[in-house]
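Quick one: structure below, then a few questions.
The values are calculated or read from the model by the stated rules, or taken from the named source; none is laboratory data. Computed from a prediction, not measured in an experiment: that's the story for all the values here. Cβ placement follows ideal geometry from the backbone for every residue including glycine, while neighbour counts extend to all protein chains displayed.
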Amino acid sequence: MNSYYAATLLVYAGVDIIACLALNLQFGVSGIVNFSFIVFQAVGAYTAAVLSMPPDTANGGYQTYVGGFQLPFPIPWIGGALAGGLLAIPVGLVVLRKLRSDYQAISLLVLSVIANSVITNVRPFLNGAAGIAQVPGPFADQVNPLTPSYQLLYVGLTVPCVLLVWLVASRIVNSPFGRSLRAMREHELAATAIGKNPVQLKMTIFIVGGVIGGLSGAILVGFIAVVAPSIWLYPETIILFAAVIVGGRGNNVGAILGALLVPVGFEEATRLIPPTIGEWVPPPNLIPAMQWVAIGLLIIGFLWFRPQGVRPETRRVFEGGPE
Amino acid sequence: MSPTMTAAPDKPMLVATDIHRHFEGMRAVDGVSLEVLPGKITGLIGPNGAGKSTFLAVLAGTLPATSGTIVLEGEDISRLPAYQRARRRLVRTFQLPSEFAQLTVLENLLVAAPNNRGDSLFGALMGKRYWVGDEDRLIEEARGLLKRFGMSAKESDYAGTMSGGQKRLIEIMRALMLHPRLLLLDEPMSGVHPKIVEEIQYYLQDLRAGGLTILMVEHELHMVERLCDTVVVMAQGKVIGSGTMSSLRRQQEIVDAYLIG
């Protein structure tokens, strides 16, 4: 395994872990079926891109986008995170206040489709379907991004973000606030009847998830140097849901495990499939298509046979209480 | 924890005036007025579809009233959402089990407790040291309730695994964690094993002895007779009588409408 491959794997794992921890807070802990999660990652990615890129007139103006502020690290990452949180405010206010949870899920799915469509078709805004390329990563002007040391540097920048998000997620999940979120997930009306404001709880965790989702997008775009609508189609959210369901809803360790097993593990496992089987050369899109079939089967299989996931939500036994 | 009687004994704790709740023309609650006296158990009885549970939900704010006013100890709470009423310690239970199934029994109690510094995003992010003092105090209080209701051994079990009767008890204990001024019970005995019914009856008497005010919807008339100081009878969305159970039994209209039914 060469260092490029290892770094790619680690950064992808970091991005997926961060995204799954955020989705776990929203879906696993709080019961918000956020089918538009990938949009928040994309907003983070685009924001980080336009904050770190030069104006679109540079490089011969072959791509058009708003902004282009050439701001140094860590501003693009912070900006990406903030943009995710800011987007969560209007979306949450429209979707989470009045709608029943199943309609919330449908609305968020539709939002994901609309957002992708709009960005694809409004080219002057963020360069349409082609997306934005040549996004400079952190310190790319000081360290050559094509060297192993830059790859190592990027891993070194990603790891503290993973740890920070882990700290935030665990503090929330293990606190009385996390308990209120879980109570709301279990029985919203009963939670209201004991003084919980479900709209406030949902909005809070939706914004927190938006911030973390935005951060994951910012980290990703700095590494792969490109963001385009084709990488944030709505099924990408389904992969993250599969990860949280497989790993264990409501359990942060489960979310991490799910991130490693599903988005990272699947991608890696399919690399091991030989390009030809004997004389037979499979059609080129067979493996990606089979991945989707496998993701679908994985979700159904887990919901059917082990809905609590590999690492179920922890039962809290308090000191001095019976086991 | 002991529920406290905060109103003067002669002044009503809660005054509901001319409450209406209509569902697309159907008058589920049709001009109900009612007073609940402090430190007493008031029963609300009536045939199925009389509007009792709807009225209770309107008082608690889980259903908005079409019109009418609700005053809790001098404060008009008619326009407040349910969670605000709960924070003013007007607390309801539900006709159907409403435990937080994937929380343990102890957590079901703790989650209801107000004034925990860790029960906000800021508090959570500050870390355990910031809120552990409140948590320890509330655990002690919740364990006191569990002991009083004979459920200490179950504190670490998921509430969803409890029997119907135990779920009722959890709900009552959960409500008590809010130190209610007025507790609204919606058929606390329904679907409960007779042995637990006796237990619940005992606990309710005990709570009344401690000064707690209760308004209770119940179908089991012997229980209502034993527990309730005043009984209000509803039929077709209206109040058709009130008084002690024995006085109600002497009113022919009420007997015809409900008591022999």
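Quick check: is even one residue across the stretch B:114-134 at positive phi and within 7 Å of chain A (Cβ to nearest Cβ)? Break it down into steps so the answer makes sense when it comes.
Start the filter on the stretch B:114-134 by keeping residues that are at positive phi, which leaves B:115, B:127.
Now narrow it down to the ones that are within 7 Å of chain A (Cβ to nearest Cβ): B:127.
Yes, the stretch B:114-134 has at least one match.
Within the stretch A:72-94, identify whether any single residue is in a loop (DSSP other than H, G, I, E, B), farther than 17 Å from A:Ile212 by Cα, more than 24 Å from the chain's Cα centre (by Cα) and not β-branched (Val, Ile, Thr), and answer yes or no.
Here is the first cut: in the stretch A:72-94, the ones in a loop (DSSP other than H, G, I, E, B) are A:72-74.
If we keep only those that are farther than 17 Å from A:Ile212 by Cα as well, we get A:72-73.
Applying the additional criterion that residues be more than 24 Å from the chain's Cα centre (by Cα) yields none.
Taking every residue of the stretch A:72-94 in turn, none turns out to be in a loop (DSSP other than H, G, I, E, B), farther than 17 Å from A:Ile212 by Cα, more than 24 Å from the chain's Cα centre (by Cα) and not β-branched (Val, Ile, Thr).
Okay, next question. Do we find a residue being of a type outside the set (Gly, Ala, Ser) and under 20 Å from A:Gly31 (Cα atoms) anywhere in the stretch A:256-268?
Of the residues in the stretch A:256-268, the ones of a type outside the set (Gly, Ala, Ser) are A:256-257, A:260-264, A:266-268.
Imposing the further condition that a residue be under 20 Å from A:Gly31 (Cα atoms) reduces the set to A:256-257.
The answer is yes; a qualifying residue exists.
Is it the case that some residue within the stretch A:72-86 is in contact with a strand residue (DSSP E or B) (Cβ under 8 Å, 6 or more places away or on another chain), crowded, with 16+ Cβ neighbours inside 10 Å and farther than 30 Å from A:Leu201 by Cα? Can you show your working first?
First pass over the stretch A:72-86, keeping only residues in contact with a strand residue (DSSP E or B) (Cβ under 8 Å, 6 or more places away or on another chain): none.
No, the stretch A:72-86 contains no residue that is in contact with a strand residue (DSSP E or B) (Cβ under 8 Å, 6 or more places away or on another chain), crowded, with 16+ Cβ neighbours inside 10 Å and farther than 30 Å from A:Leu201 by Cα.
Same structure, new question: Please enumerate the residues belonging to the stretch B:102-113 that are part of a loop (DSSP other than H, G, I, E, B) and either within 7 Å of another protein chain (Cβ to nearest Cβ) or more than 15 Å from B:Arg174 (Cβ to Cβ) (or both).
Those that are part of a loop (DSSP other than H, G, I, E, B) and either within 7 Å of another protein chain (Cβ to nearest Cβ) or more than 15 Å from B:Arg174 (Cβ to Cβ) (or both): B:Gln102, B:Leu103, B:Val111, B:Ala112.
Report the residue count in the stretch B:6-18 for those that are among the aliphatic types (A, V, I, L, M) and either in contact with a strand residue (DSSP E or B) (Cβ under 7 Å, 6 or more places away or on another chain) or at pLDDT 95 or above (or both). Spell out how you get there, then give the answer.
Taking the stretch B:6-18 as the starting set, the residues that turn out to be among the aliphatic types (A, V, I, L, M) are B:7-8, B:13-16.
When the remaining residues are screened for being either in contact with a strand residue (DSSP E or B) (Cβ under 7 Å, 6 or more places away or on another chain) or at pLDDT 95 or above (or both), the result is B:13-16.
Looking only at that region, the number is 4.
Still on this model: Identify all residues within the stretch B:165-186 that are β-branched (Val, Ile, Thr) and within 11 Å of chain A (Cβ to nearest Cβ); write none if there are none.
Let us first name the residues in the stretch B:165-186 that are β-branched (Val, Ile, Thr), namely B:170, B:172.
Within the stretch B:165-186, just B:Ile170 meets the criteria.
Let me ask another. Being polar (S, T, N, Q), within 14 Å of another protein chain (Cβ to nearest Cβ) and either touching a Cys at 6+ places or on another chain (Cβ under 9 Å) or without any contact (Cβ under 8 Å) to a residue 24 or more places away in the chain (or both) narrows it down to one residue among A:Ser175, A:Ser149; which is it?
Working: A:Ser149 fails: within 14 Å of another protein chain (Cβ to nearest Cβ).
Residue meeting the stated conditions: A:Ser175.
Next up: May I ask you to list the residues in the stretch B:78-101 that are within 7 Å of another protein chain (Cβ to nearest Cβ) and of a type in the set (Lys, Arg)?
B:Arg87, B:Arg92
A further question on this structure: When only residues in the stretch B:41-60 that are assigned to a loop (DSSP other than H, G, I, E, B) and on the phi < 0 side of the Ramachandran plot count, which is surrounded by the most Cβ atoms within 10 Å (Cβ to Cβ)? Talk me through it step by step, then tell me what you get.
Start the filter on the stretch B:41-60 by keeping residues that are assigned to a loop (DSSP other than H, G, I, E, B), which leaves B:46-51.
Checking the rest, the ones that are also on the phi < 0 side of the Ramachandran plot come to B:47-48, B:50.
Numbers: B:Pro47: 15, B:Asn48: 8, B:Ala50: 24.
Across the stretch B:41-60, the extreme among qualifying residues is B:Ala50.
Among the listed residues A:Leu261, A:Leu257, A:Leu240, which satisfies the condition of being in contact with a Lys or Arg (Cβ under 9 Å, 6 or more places away or on another chain), under 14 Å from A:Gly309 (Cα atoms) and of a type in the set (A, V, I, L, M, F, W, C)?
Details: A:Leu261 fails: in contact with a Lys or Arg (Cβ under 9 Å, 6 or more places away or on another chain); A:Leu240 fails: in contact with a Lys or Arg (Cβ under 9 Å, 6 or more places away or on another chain).
From the options A:Leu261, A:Leu257, A:Leu240, the qualifying one is A:Leu257.
List the residue pairs whose Cβ atoms are under 6 Å apart, where the first residue sits in the stretch B:81-101 and is assigned to a helix (DSSP H, G or I), the second is aliphatic (A, V, I, L, M) and surrounded by fewer than 20 Cβ atoms within 10 Å (Cβ to Cβ), and the two are 6 or more positions apart or on different chains.
Hits for this filter: B:Arg85/B:Ile77.
It is to be established whether one or more residues within the stretch B:61-77 are β-branched (Val, Ile, Thr), more than 13 Å from chain A (Cβ to nearest Cβ), assigned to a strand (DSSP E or B) and within 17 Å of B:Leu185 (Cβ to Cβ). Give the steps one after another, and end with the answer.
If we filter the stretch B:61-77 for residues that are β-branched (Val, Ile, Thr), which is where we start, we get B:62, B:66, B:69-71, B:77.
With the extra rule that they be more than 13 Å from chain A (Cβ to nearest Cβ), the set shrinks to B:66, B:69-71, B:77.
Right, trim to assigned to a strand (DSSP E or B) and you get B:69-71.
If we keep only those that are within 17 Å of B:Leu185 (Cβ to Cβ) too, we end up with none.
So far as the stretch B:61-77 goes, no, none of its residues is β-branched (Val, Ile, Thr), more than 13 Å from chain A (Cβ to nearest Cβ), assigned to a strand (DSSP E or B) and within 17 Å of B:Leu185 (Cβ to Cβ).
Next up: Name the one entry in B:Gly133, B:Gly144, B:Gly118, B:Gly127 that is under 23 Å from A:Asn251 (Cβ atoms) and surrounded by fewer than 18 Cβ atoms within 10 Å (Cβ to Cβ). Can you show your working first?
Numbers: B:Gly133 fails: under 23 Å from A:Asn251 (Cβ atoms); B:Gly144 fails: under 23 Å from A:Asn251 (Cβ atoms); B:Gly118 fails: surrounded by fewer than 18 Cβ atoms within 10 Å (Cβ to Cβ).
Of B:Gly133, B:Gly144, B:Gly118, B:Gly127, the one residue that is under 23 Å from A:Asn251 (Cβ atoms) and surrounded by fewer than 18 Cβ atoms within 10 Å (Cβ to Cβ) is B:Gly127.
Being among the hydroxyl-bearing types (Ser, Thr, Tyr) and in contact with a Lys or Arg (Cβ under 8 Å, 6 or more places away or on another chain) narrows it down to one of A:Ser3, A:Ser30, so name that one.
Selected residue: A:Ser30, the only one of A:Ser3, A:Ser30 that is among the hydroxyl-bearing types (Ser, Thr, Tyr) and in contact with a Lys or Arg (Cβ under 8 Å, 6 or more places away or on another chain).
Also, I was wondering about something else. Would the stretch B:112-126 turn up any residue that is polar (S, T, N, Q) and touching an Asp or Glu at 6+ places or on another chain (Cβ under 6 Å)? First the steps, then the outcome.
Pass one, the stretch B:112-126, residues polar (S, T, N, Q): B:115-116, B:120.
So of that shortlist, the ones also touching an Asp or Glu at 6+ places or on another chain (Cβ under 6 Å) come out as B:116.
Yes.
May I pose another question? Select, from A:Leu240, A:Leu272, A:Leu298, A:Leu303, the only residue that is under 30 Å from A:Ile119 (Cβ atoms) and more than 16 Å from the chain's Cα centre (by Cα). Step through it out loud before you land on a result.
Values: A:Leu240 fails: more than 16 Å from the chain's Cα centre (by Cα); A:Leu272 fails: under 30 Å from A:Ile119 (Cβ atoms); A:Leu303 fails: under 30 Å from A:Ile119 (Cβ atoms).
None of the other options fit; the residue is A:Leu298.
Filter the stretch A:102-134 down to the residues that are surrounded by 13 or more Cβ atoms within 10 Å (Cβ to Cβ) and more than 21 Å from the chain's Cα centre (by Cα) and list them by number.
A:Arg123, A:Phe125, A:Asn127, A:Gly128, A:Ala130, A:Gln134
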